[in-house]
């Protein structure tokens, strides 16, 4: 096979024959790479996977609190900028974590590359160990989408054969490497559950030190209009570097235009996310998505500012056992969970199934089954809305519980002043504040009790239990201390209401008092 290669065109995969590709890749035969080449801004919770030639690639966990194997998270992607609405108008999408965490209840996750894949990492899988140079730390660019996909497959193959124990697994089946989907990429780039909803929907993640410390954008005050080494700037809230600017990043999805809250039906070229070193600061945004048409008049396109990063995920159905779990969960998706004793055929899904069985006309049977599918989809949508509402109400209840604790602390401080040695004329204002604070505390308690009652009446116990755990994972992801026990209290009292137990204000205050000073 005859091949002519250039500096930007590696001799694989297109130019290597089958015999060359069959050769085993070199294992870790040379000294480990310097830390600045594989993980220049190391953190204790990084997930670092080995590579050939003494190399390594660092990943970060993207946690997605989930009630069960089919639970996913609705996220709003895109943005409001009118100039880019044809491609980026806000739309809803869904993300889910494939790996379950055996140590944390209701926690699932996937891994995403901490940095863009570098030139050194790319060359380590070429079959010959590359020399380690300062410029090796630049993102690998000027490659095709197909070569990025091929690289992910080769790396996954090497990991499975040489470092399977290092890979996270699900149901005993190891994960694998691929390009991220656009939703996975943008969810992680915005900060995932490490930021609250209002921050998540902003143009860029919070940058308290200013964008120059986080983003390589066009201009002499930043990138100087050239590619820069990975890991030199500050990371986003999930610990990811260079997700905005520097090199644009291929994702798995084909590019589609936007059609008012959804993507258009025509799939075009490939999608590139994040902007690059040529992008003006005013155009840097998490929603940025451009089309990469793979062919021009000269053949395959290669862009000096387009690279990629990887994710590690498991299969959706990695084992026969998981298939059975998914089937069981799927059957429960359209259930109404009303909590009341259902009469025979009170479930509309079962009613439609019974009607379908009762008719012999195949055309009518098909129409009835179609109605059943619509009913199932509507019930599932309603159940997802119910779950989100339950989590929101539990959050409100938890905030009210925290407010009660803060009001009690304020009252104790005022009582100490009133009982202290100050002259009476200096105690008038504290006494007034004490009285109003006690009234405010009582009003907050009443509001909290009403909220707990409403949660108990509106949502079944399995829903409040699951959504309470998910909410706790979200508070943990945002490093907001003290809310875990408050969430548990809200769930416990609301479930008591559902079981017919009235809320006793004295008992509620006593239980809250036990949580004063809680930091977990």
Going by the conditions given, is residue 432 more than 24 Å from residue 516 (Cα to Cα) and modelled with pLDDT of 90 or more? yes
I need a count of the residues in the range 483-502 that are under 32 Å from the mean Cα position of the chain (by Cα), touching a residue at least 60 places away in the same chain (Cβ under 8 Å) and either part of a helix (DSSP H, G or I) or closer than 13 Å to residue 461 by Cβ (or both). 6
Qualifying positions in the range 229-263 - in a loop (DSSP other than H, G, I, E, B) and at pLDDT below 95: 259, 260, 261, 262
If you check residue 268 against the conditions, is it in contact with a helix residue (DSSP H, G or I) (Cβ under 9 Å, 6 or more places away or on another chain), farther than 23 Å from residue 196 by Cα and assigned to a loop (DSSP other than H, G, I, E, B)? no
Looking only at the range 72-95, which residues are in a loop (DSSP other than H, G, I, E, B) and surrounded by fewer than 19 Cβ atoms within 10 Å (Cβ to Cβ)? 72, 80, 81, 90
Residue 445 buried (at least 16 other Cβ atoms within 10 Å of the Cβ), more than 33 Å from the chain's Cα centre (by Cα) and part of a helix (DSSP H, G or I): yes
Could you check residue 25 against (1) surrounded by 16 or more Cβ atoms within 10 Å (Cβ to Cβ); (2) at pLDDT 50 or above and say which number it fails? (2)
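Have a look at 389, 398, 436, 416 and point out the one that is surrounded by fewer than 16 Cβ atoms within 10 Å (Cβ to Cβ) and either touching a residue at least 40 places away in the same chain (Cβ under 8 Å) or in contact with a strand residue (DSSP E or B) (Cβ under 6 Å, 6 or more places away or on another chain) (or both).
Residue meeting the stated conditions: 389.
Give the residues of the range 457-472 that are within 14 Å of residue 387 (Cβ to Cβ) and either in a helix (DSSP H, G or I) or at pLDDT 95 or above (or both), sorted by residue number. Outline the logic, then answer.
If we filter the range 457-472 for residues that are within 14 Å of residue 387 (Cβ to Cβ), which is where we start, we get 458-471.
Of everything in the range 457-472, those that are within 14 Å of residue 387 (Cβ to Cβ) and either in a helix (DSSP H, G or I) or at pLDDT 95 or above (or both) turn out to be 458, 461, 462, 463, 464, 465, 466, 467, 468, 469, 470, 471.
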Answer from 156, 113, 98 - the residue that is in contact with a strand residue (DSSP E or B) (Cβ under 9 Å, 6 or more places away or on another chain), buried (at least 18 other Cβ atoms within 10 Å of the Cβ) and closer than 25 Å to residue 305 by Cβ: 113
Considering only residues that are over 11 Å from residue 411 (Cα atoms) and in a helix (DSSP H, G or I), which ones fall in the range 421-441? 424, 425, 426, 427, 428, 429, 432
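The values are calculated or read from the model by the stated rules, or taken from the named source; none is laboratory data. Just so you know, these numbers come straight off a predicted model, no measurement behind them. Heads up, the Cβs are rebuilt from the backbone with ideal geometry, glycines too, and the neighbour counts pull from every protein chain shown.
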